[in-house]
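Just below is one structure, and these are the notes that go with it.
The values are calculated or read from the model by the stated rules, or taken from the named source; none is laboratory data. As the structure is a computational prediction, the values presented were derived from the model and not from experiment. Cβ coordinates were reconstructed from backbone atoms using ideal geometry, including for glycine residues, and neighbour counts include every protein chain displayed.
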Amino acid sequence: MLIDFKKIKLEKIHFVNEKNINNNWKSIDIKYDNKKLEFITPLIYMPFGIENEYNNYILKLQFNGAKNNTNSDLIHFYNFIEKLEKNIIEYLKIDKIKFKSSICIKHNYDNLLKAKFNSYKKRINCKINSNNYTTIYEIPKKTWIKCILYIDKIIFNEEIYTCKFIIKEICV
């Protein structure tokens, strides 16, 4: 169920179905009204292209204008991500230090949100909604985009907890 991030009510987020993944890793599903938590971002800056990190394809999205209060949409979006992660930390009853945030704090420029692509056999699974581009590789760096993101689970062991924002679609 796609929803504007501004309309998401954190109290409607539920954590269900804890299960073992492998060795000492576990997962907990994240649900919003019993569905996957899926939302659209405001227009957000893509300063770089696709990166490969630990065999995952990622995209860093910048909260451009949030630090100097010139982009109210990205300020609201940044605050939403922070509140969502805080909600997860409170649910898990863990120390904030154990939670690996998807927000990359930068001191000299605006913070970044690290989002992951689903992929299979090194092929990225992401819909591109654009009149000018057909694949993610064609979209140039330094482009303003909107994304449909979702989070569906928390992954953890005894030392680290995280949830990944997955890119489902990019609108250019």
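Values for this structure:
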item: Residue within segment 6-19 that is in a strand (DSSP E or B), modelled with pLDDT under 90 and either of a type in the set (D, E) or within 30 Å of K122 (Cβ to Cβ) (or both) present; result: no
item: Segment 152-164, residues that are of a type in the set (A, V, I, L, M, F, W, C) and in contact with a helix residue (DSSP H, G or I) (Cβ under 8 Å, 6 or more places away or on another chain); result: I154, F156, I160, C163
item: Residue count for segment 101-117, restricted to those that are touching a strand residue (DSSP E or B) at 6+ places or on another chain (Cβ under 6 Å) and either over 20 Å from Y54 (Cβ atoms) or at pLDDT below 90 (or both); result: 2
item: Sole residue being in contact with a helix residue (DSSP H, G or I) (Cβ under 9 Å, 6 or more places away or on another chain), in contact (Cβ under 8 Å) with a residue 24 or more places away in the chain, within 24 Å of I8 (Cα to Cα) and surrounded by fewer than 17 Cβ atoms within 10 Å (Cβ to Cβ), chosen from K127, K83; result: K83
item: Residue within segment 91-100 that is at pLDDT 95 or above, crowded, with 17+ Cβ neighbours inside 10 Å and within 15 Å of K116 (Cβ to Cβ) present; result: no
item: So I75, is it in contact (Cβ under 8 Å) with a residue 40 or more places away in the chain, surrounded by 14 or more Cβ atoms within 10 Å (Cβ to Cβ), farther than 28 Å from F156 by Cα and out of contact with any Leu (no Cβ under 7 Å at 6 or more places or on another chain); result: no
item: Spans of strands (runs of 3 or more DSSP E) in segment 27-77 with at least 2 residues under 23 Å from T162 (Cβ atoms) and under 13 Å from the mean Cα position of the chain (by Cα); result: 37-40, 56-62
item: Conditions (1) more than 17 Å from K168 (Cα to Cα); (2) free of Cβ contacts under 8 Å to residues at least 60 places away in the same chain; (3) of a type in the set (V, I, T); number of the one not met by I94; result: (2)
item: Long-range neighbours under 6 Å by Cβ, at least six apart or interchain, first residue in contact (Cβ under 8 Å) with a residue 40 or more places away in the chain and under 27 Å from I28 (Cα atoms) within segment 132-157, second among the acidic types (D, E) and surrounded by fewer than 20 Cβ atoms within 10 Å (Cβ to Cβ); result: I148/E169; Y150/E38; K153/D29
